[in-house]
Amino acid sequence: MFQDELKVRIDSINQEIEELLPKPRLYEDCLGDPLRYSMRGKGKRLRPLILEETYKMYGGSENDGKYLGIALEMIHNASLVHDDLPALDNDEFRRGIKTTHAEFGESIGILAGDGLLNYAYEVATTGLVESKTKDYYSKALSILANKGGIFGMLGGQTLDVAMTGKELDLKMIKFIHKGKTAALIQAAFACGACAAGASQEEIEKLMEIGLSVGIAFQIEDDILDVTSTSEVLGKPVKNDEKNHKTTYVTVKGVEGAKEDVKHLSQKAISVYDTLSAKNDFLRELILYLIERKK
Ligand code: GRG
């Protein structure tokens with residue numbers, strides 16, 4: 001069953017995270033503790049999951065997918081730590097536990113996010129040193145850095161902050177979603193394939209799939225913010241209203257937004273079905289995300 005398979009894979013990713021996180025020191029570990037804490041909680045581990053599945057799908061059989069996948073999850077978690085800070089969303093709960101700054105204080109929260117971001121690149125470059133296919137790996141690494149940076153997630157998030165309180169049209173909202181959320185999902189689809197030596201044509205298709213899945217994922221996030229509960233999500237709801245954000249739901253309503261999630265997911269599947277490699281689990285995962293409850 002898909003759900004059982006999903007659990008096995010998430011457990012395996014959680015083990016890889018434990019393996020690659022810095023080990024606790026004997027003396028008080030004032031950065032290591034908050035850094036490890038920031039990776040905890042019931043995260044869906046969606047990004048390393050996708051990355052490692054695409055790596056296998058294109059024949060990858062070494063540790064390259066693991067290093068890139070966990071580095072990507074660390075970049076994602078660093079972004080969550082900073083997103084929760086008082087200067088940004090000011091949230092005290094995520095994944096059912098206190099946010100890093102709520103647990104360790106704001107200054108340490110800022111530093112833990114910085115530390116995790118830098119550590120992500122230490123993990124990713126350790127993978128490069130060990131890789132037997134450095135040409136492929138370095139190309140994947142450059143996609144990872146690009147999608148996490150000013151032309152990707154960081155750029156999208158900055159625009160999101162700059163536009164807070166303003167009325168936005170759908171085109172602008174999608175542009176923000178493309179950066180702040182879809183960029184890392186594109187990295188998840190493209191980096192694994194790239195590290196395994198997939199062709200440029202396949203990588204471009206995977207980027208297209210990542211874009212549709214990523215925008216759909218953020219729209220669903222906006223939907224769940226108004227339709228779900230904090231118990232189910234493990235984080236506060238009605239956050240967008242609190243933060244004066246115009247979202248996809250503000251513009252299109254819940255039903256309109258749901259329709260667009262379906263449409264984007266179908267678009268992703270139709271490109272997926274033209275790929276030269278196959279992975280039924282990954283295909284099911286894309287479909288599962290349309291129905292996600294958290
Ligand atoms: C420090 C790298 C760095 C960046 C700072 C704050 C910031 C820039 C970016 C925030 C980007 C952001 C939070 C986008 C929202 C993406 C999103 C929908 C996150 C939730 O992802 P899930 O649902 O979370 O996969 P889990 O908890 O399951 O991992």
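Throughout, read-outs are computed from the coordinates displayed, never taken from laboratory work. Model, not experiment: these values are computed from the prediction. We place every Cβ from the backbone using ideal geometry, glycine too, and count neighbours over all the protein chains shown.
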Using a cut-off of under 14 Å, list every residue of segment 64-98 whose amide N is near the label point 7 Å from the Cα of Y121 along the Cα-to-beta-carbon line. 72, 75
If you take the charge dipole of the chain about its Cα centre, with +1 on Lys and Arg Cβ and -1 on Asp and Glu Cβ, which of C191, Y248, M153 is farthest toward its positive end? Y248
Residues with amide H under 5 Å from that of R94, placed H, sequence gap 5 or more: T99
Those trypsin sites (Lys or Arg not before Pro) from segment 236-268 that are DSSP loop and have at most 16 other Cβ neighbours within 10 Å turn out to be K238
Using a 10 angstrom Cβ neighbour count of at most 11 plus a DSSP loop assignment to flag exposed GluC sites (Glu not before Pro), which longest range of the chain is free of such sites? 29-166
Quick check on my link table: of K205/K252; K66/K147; K147/K235; K98/K258, which ones sit more than 20 Å apart, alpha carbon to alpha carbon? K205/K252; K147/K235; K98/K258
Under a plain spin-label model, where a point goes 7 Å from the Cα along Cα-to-Cβ, how far apart in nm are H244 and T164? 0.9 nm
Averaged over all viewing directions, the convex hull of the alpha carbons in segment 1-130 casts a projected area in nm² of 8.7 nm²
Using the Kirkwood formula on alpha carbons, the hydrodynamic radius of segment 45-193 in angstrom works out to 16.0 Å
Intensity falloff of segment 5-74 expressed as log10 I(q)/I(0), Debye formula with alpha-carbon point scatterers, at q = 0.15, 0.19, 0.27 Å⁻¹: -0.51, -0.76, -1.25
Compactness check, segment 116-202: C-alpha Rg relative to the 2.2 N^0.38 Å globular estimate gives 1.27
To the nearest 20 debye, what charge dipole does the chain have about its Cα centre, counting +1 at the Cβ of each Lys and Arg and -1 at the Cβ of each Asp and Glu? 260 debye
Over the residues of segment 66-113, compute the C-alpha Rg and express it relative to 2.2 N^0.38 Å. 1.15
The local net charge around G115, scoring Lys/Arg +1 and Asp/Glu -1 for residues other than G115 whose Cβ lies under 12 Å from its Cβ, equals -3
Please report, in debye to the nearest 20, how large the charge dipole of segment 91-160 is about its Cα centre when each Lys and Arg carries +1 at its beta carbon and each Asp and Glu carries -1 there. 360 debye
Over segment 227-294, with a single point scatterer placed on each C-alpha, what log10 of the ratio I(q)/I(0) does the Debye formula yield at q = 0.11, 0.19, 0.25, 0.27 1/Å? -0.39, -0.89, -1.12, -1.19
Distance between modelled label sites at K98 and M172, nm, 7 Å Cα→Cβ extension: 3.8 nm
Restricting attention to segment 161-225, which trypsin sites (Lys or Arg not before Pro) occupy a DSSP loop and are surrounded by at most 13 other Cβ atoms within 10 Å? K166
If you look at just the Cα atoms of segment 143-294, how large are its Rg and its Dmax in Å? 15.7, 45
When N counts the residues of segment 2-290, how does its alpha-carbon radius of gyration compare numerically with 2.2 N^0.38 Å, as a ratio? 0.96
Which ³J(HN,Hα) values, rounded to whole Hz and listed in residue order, are derived for segment 166-183 from phi using the Karplus coefficients 6.51, -1.76 and 1.60 in 6.51 cos²θ - 1.76 cosθ + 1.60 with θ = phi - 60°, glycine and proline given as x? 9, 7, 10, 8, 4, 4, 5, 4, 5, 5, 5, 4, 4, x, 5, 10, 5, 4
Over segment 209-254: Rg over Rh, Cα atoms, Kirkwood Rh: 0.99
Which one of A162, Y136, Q200 is farthest out on the positive end of the charge dipole of segment 76-215, using unit charges on Cβ (Lys, Arg +1; Asp, Glu -1) and the Cα centre as origin? Q200
Length gained, L287-I150, 0.36 nm per residue minus C-alpha separation, equals 46.3 nm
